[in-house]
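Single-structure report; data block below.
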Amino acid sequence: MQTPVFLDHLPDASSVSGRKSERYRHIRNKALIELLMDEDVAWVERDCPACGAPATESQTFGQVFMPFQRCSGCNTIYARRVPDQPVLDRLRAAHPAARSEGATEDEDSQAREFEFISILNWISLSDGRGDRRLRKVLDYRYSSHAPDWEAAVGRLSQSRSWQFLPLDADAAGADFADLAAALKADAPDVVLIQAEMDRVAHPEKLLATIKANAPKGTLVFIASSCADGLEYELLGAGSPSFIPLDRLAVFSISGLRSMAERLGYTVREVSTPGRRDAVILDQHFRQAANTNVPFWSGFFRDADRNRLYDLQILLQRSLRSGLLRFVIQT
Ligand SMILES: [Zn+2]
């Protein structure tokens, strides 16, 4: 199994905070409150969605809006109750992703290109290792998150066929029927699941659907937020990245690994290539004048860009960044 490190430049503080992300947070929290107040919505109690450990053996992670647990067995963070998947899908379809507030079309499209090149490089790493050329990619739902995604893929993906399966609230259903049908019809080499595992009600069902309907040997590339990240360890539910409705399950490395292996997948690669942890934490500790966390308050008070860069590399190397990537094989 491989654990690559992605040496990269640090993002600017202005790109990780500000009005744009605050506004998005308010929109999602408003949607969650409306969902909680809707008496027709049924909520299902659950145990740890990653390793299955009972919720009674977990710790409280947060209580704002609704209870979130931190699994004592695998460190995964999860909402104690979730609604049905079709409810979540209809909600997302009703509030489609918009262009970032305040960003120009060019800025947004450059950000998508940067993101896409990172994904292409990631897939290319696996291309060299296996015996199978990874020509056909099935991109599940990410184009519905990111309005400029399809255009960036169109400009930059020369050698691979890229099929988008956007969110379709009517076709998906509780069992991801749209995904099952696409896998049977097109037999892709790669299934790309970006920013989806943390948003769906039953992530195990999503991976089980792929396992049941994709040909043996298919590679599934998963990118998601990571519960082992330093930001969640230090700031908990107060972390700027924690938006409850978008983080119904924040997997730990061991949690996602145990789920994948339980479903019969082989784990090929694990990494946490996040770029933002050090900058987010730096900003937090500089703003929160009263915070006095042993070691870290002093660390960030004295940190310059070089030290933040070193910390970010350390987090990647030790699988402690806030973004995880898995490659698993059916
Ligand atoms: Zn667990």
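The values are calculated or read from the model by the stated rules, or taken from the named source; none is laboratory data. Model, not experiment: these values are computed from the prediction. Please note: Cβ atoms are built from the backbone with ideal geometry, for glycine as well, and neighbour counts cover all protein chains shown.
Details
- ARG155 falls short of the stated requirement of being outside any helix (DSSP H, G or I) and not aromatic (Phe, Trp, Tyr).
- Test: PHE295 is over 14 Å from the mean Cα position of the chain (by Cα) and either at positive phi or modelled with pLDDT under 95 (or both): yes
- Any hit, segment 59-80, residues being among the hydrophobic types (A, V, I, L, M, F, W, C) and farther than 22 Å from LEU235 by Cα: no
- Restricting segment 77-96 to residues that are among the aliphatic types (A, V, I, L, M) and surrounded by fewer than 17 Cβ atoms within 10 Å (Cβ to Cβ), the residue that is modelled with the highest pLDDT is ALA93.
- Residue check: LYS205 meets all listed conditions (1) within 26 Å of SER118 (Cα to Cα); (2) part of a helix (DSSP H, G or I); (3) at pLDDT 95 or above but one, namely (1).
- Scan of segment 61-86 for residues that are among the hydroxyl-bearing types (Ser, Thr, Tyr) and in contact (Cβ under 8 Å) with a residue 40 or more places away in the chain, ordered by number: THR76, TYR78
- Filter result (hydrophobic (A, V, I, L, M, F, W, C) and in a helix (DSSP H, G or I)) within segment 309-330: LEU311, ILE313, LEU314, LEU315
- For the condition more than 15 Å from the chain's Cα centre (by Cα) and buried (at least 20 other Cβ atoms within 10 Å of the Cβ), PHE300 qualifies.
- Scanning segment 46-68 for residues that are within 17 Å of PHE242 (Cβ to Cβ) and surrounded by fewer than 19 Cβ atoms within 10 Å (Cβ to Cβ), we see that the one that is nearest to the ligand (Cβ to nearest atom) is GLN59.
- Within segment 153-181, the set of residues being under 20 Å from ILE210 (Cβ atoms) and not small (Gly, Ala, Ser) comprises ARG160, TRP162, GLN163, PHE164, LEU165, PRO166, LEU167, ASP168, ASP175, PHE176, ASP178, LEU179.
- Any chance LEU192 is on the phi < 0 side of the Ramachandran plot, touching a residue at least 24 places away in the same chain (Cβ under 8 Å) and more than 17 Å from the chain's Cα centre (by Cα): no
- Residue in segment 95-114 that is within 22 Å of GLU22 (Cα to Cα), assigned to a helix (DSSP H, G or I), among the basic types (Lys, Arg) and free of Cβ contacts under 8 Å to residues at least 60 places away in the same chain present: yes
- Residue under evaluation ASP228, criteria (1) within 16 Å of the ligand (Cβ to nearest atom); (2) surrounded by fewer than 17 Cβ atoms within 10 Å (Cβ to Cβ), criterion not met: (2)
Yes/no per residue for (1) within 16 Å of the ligand (Cβ to nearest atom); (2) part of a helix (DSSP H, G or I):
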site: GLU39; (1), (2): no, no
site: VAL44; (1), (2): no, no
site: ARG70; (1), (2): yes, no
site: TYR78; (1), (2): yes, no
site: ARG90; (1), (2): no, yes
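- Check on LEU134, in contact with a strand residue (DSSP E or B) (Cβ under 9 Å, 6 or more places away or on another chain), at pLDDT 80 or above and part of a helix (DSSP H, G or I): no
- Checking each residue in segment 152-167 for being at pLDDT below 90 and surrounded by fewer than 17 Cβ atoms within 10 Å (Cβ to Cβ) picks out GLY154, ARG155, LEU156, SER157, GLN158, SER159.
- Residue in segment 46-63 that is modelled with the lowest pLDDT, counting only those that are in a loop (DSSP other than H, G, I, E, B) and more than 21 Å from the chain's Cα centre (by Cα): GLN63
- Among all positions in segment 235-243, there is no residue which is buried (at least 17 other Cβ atoms within 10 Å of the Cβ), within 15 Å of the ligand (Cβ to nearest atom) and farther than 20 Å from TRP162 by Cβ.
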